[in-house]
Amino acid sequence: MNWSSSSAHRADVSSGAEPVVFIVDDDVSVRESIEALVRIGGWRAEAFESAQAFLARPIELIPSCLLLDVNLPDLSGLDVQKSIAGERAYMPIIFITGYGDAPTIVQAMKAGAVEFLTKPFDTETLLAAIRDALERSRAAAADEAGRRALRASYDSLSPREREVMALVVEGLLNKQVGSELGISEITVKAHRGNVMRKMRADSLPDLVHMAGRLGIHRLVRG
């Protein structure tokens, strides 16, 4: 590896969990060199010699990025990219390879890779790519955590409360909601209060925003 001299770059972990840089490369010398550099940069590193070993690690919703070799003995880097696209969408991928052909690079970048580095690469290039990837991941992980918490709150609603919420966020008044659902206005108010409390909504606009994030639309009654 062509490691150029550089001052240490510290990871900013004050606003959340400590970020992790995952490294998957079957070449032990490359793997250990990158791992050492990542630690010098101030980040936590976890290295794996195979794709399967990495995929077997329990998933954590934390700021992270993946330094992934294109050519691995078990699964290709592109296969790994496809495998984690849904459940680890908050984890940017930086591909590393001894050689890079145009079709592979195009495929990787179209699938969401943030960088494609050809060995040997220097310290500054790699550190900059990691720093950018972790910043992206920090924002994406926070957004995903918020979305999961929002979904958990919504799942705590009763079926009737979900019906009330769907109609309220459309702008219907309590009386109109009651008429739509065949219940009294007082009952609507009670359900609406429960919805606001369980969803932790401070106002109607806040609840409307939450519904938008959840993709909630008016329920069609048969």
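The values are calculated or read from the model by the stated rules, or taken from the named source; none is laboratory data. Quick caveat: nothing in here was measured; it's all calculated off a predicted structure. Heads up, the Cβs are rebuilt from the backbone with ideal geometry, glycines too, and the neighbour counts pull from every protein chain shown.
Does segment 145-153 include one or more residues that are surrounded by 15 or more Cβ atoms within 10 Å (Cβ to Cβ), within 30 Å of GLY42 (Cα to Cα) and either among the basic types (Lys, Arg) or touching a residue at least 40 places away in the same chain (Cβ under 8 Å) (or both)? Yes, segment 145-153 has at least one match. The residues on offer are GLY146, GLY171, and the sole one that is out of contact with any helix residue (DSSP H, G or I) (no Cβ under 6 Å at 6 or more places or on another chain) and outside any helix (DSSP H, G or I) is GLY171. Does ILE186 count as assigned to a helix (DSSP H, G or I), of a type in the set (A, V, I, L, M, F, W, C) and surrounded by fewer than 18 Cβ atoms within 10 Å (Cβ to Cβ)? Considered against the rule, which asks whether it is assigned to a helix (DSSP H, G or I), of a type in the set (A, V, I, L, M, F, W, C) and surrounded by fewer than 18 Cβ atoms within 10 Å (Cβ to Cβ), ILE186 comes out as yes.
If you go through segment 13-38 and keep only what is surrounded by 13 or more Cβ atoms within 10 Å (Cβ to Cβ) and modelled with pLDDT under 50, you end up with just VAL13. Looking at segment 196-203, is at least one residue within 24 Å of the chain's Cα centre (by Cα), crowded, with 18+ Cβ neighbours inside 10 Å and in contact (Cβ under 8 Å) with a residue 12 or more places away in the chain? There is at least one residue in segment 196-203 that is within 24 Å of the chain's Cα centre (by Cα), crowded, with 18+ Cβ neighbours inside 10 Å and in contact (Cβ under 8 Å) with a residue 12 or more places away in the chain.
Have a look at SER64, SER50 and point out the one that is at pLDDT below 95 and either surrounded by 14 or more Cβ atoms within 10 Å (Cβ to Cβ) or closer than 17 Å to ALA129 by Cα (or both). Only one candidate passes the filter, namely SER50. Criterion applied to ALA53, ALA129 was being in a helix (DSSP H, G or I), of a type outside the set (Ser, Thr, Tyr) and within 28 Å of GLY146 (Cα to Cα), and the one residue passing it is ALA129.
Of all residues in segment 59-98, those satisfying the criterion of being under 23 Å from ARG39 (Cβ atoms) and among the acidic types (Asp, Glu) are GLU60, ASP69.
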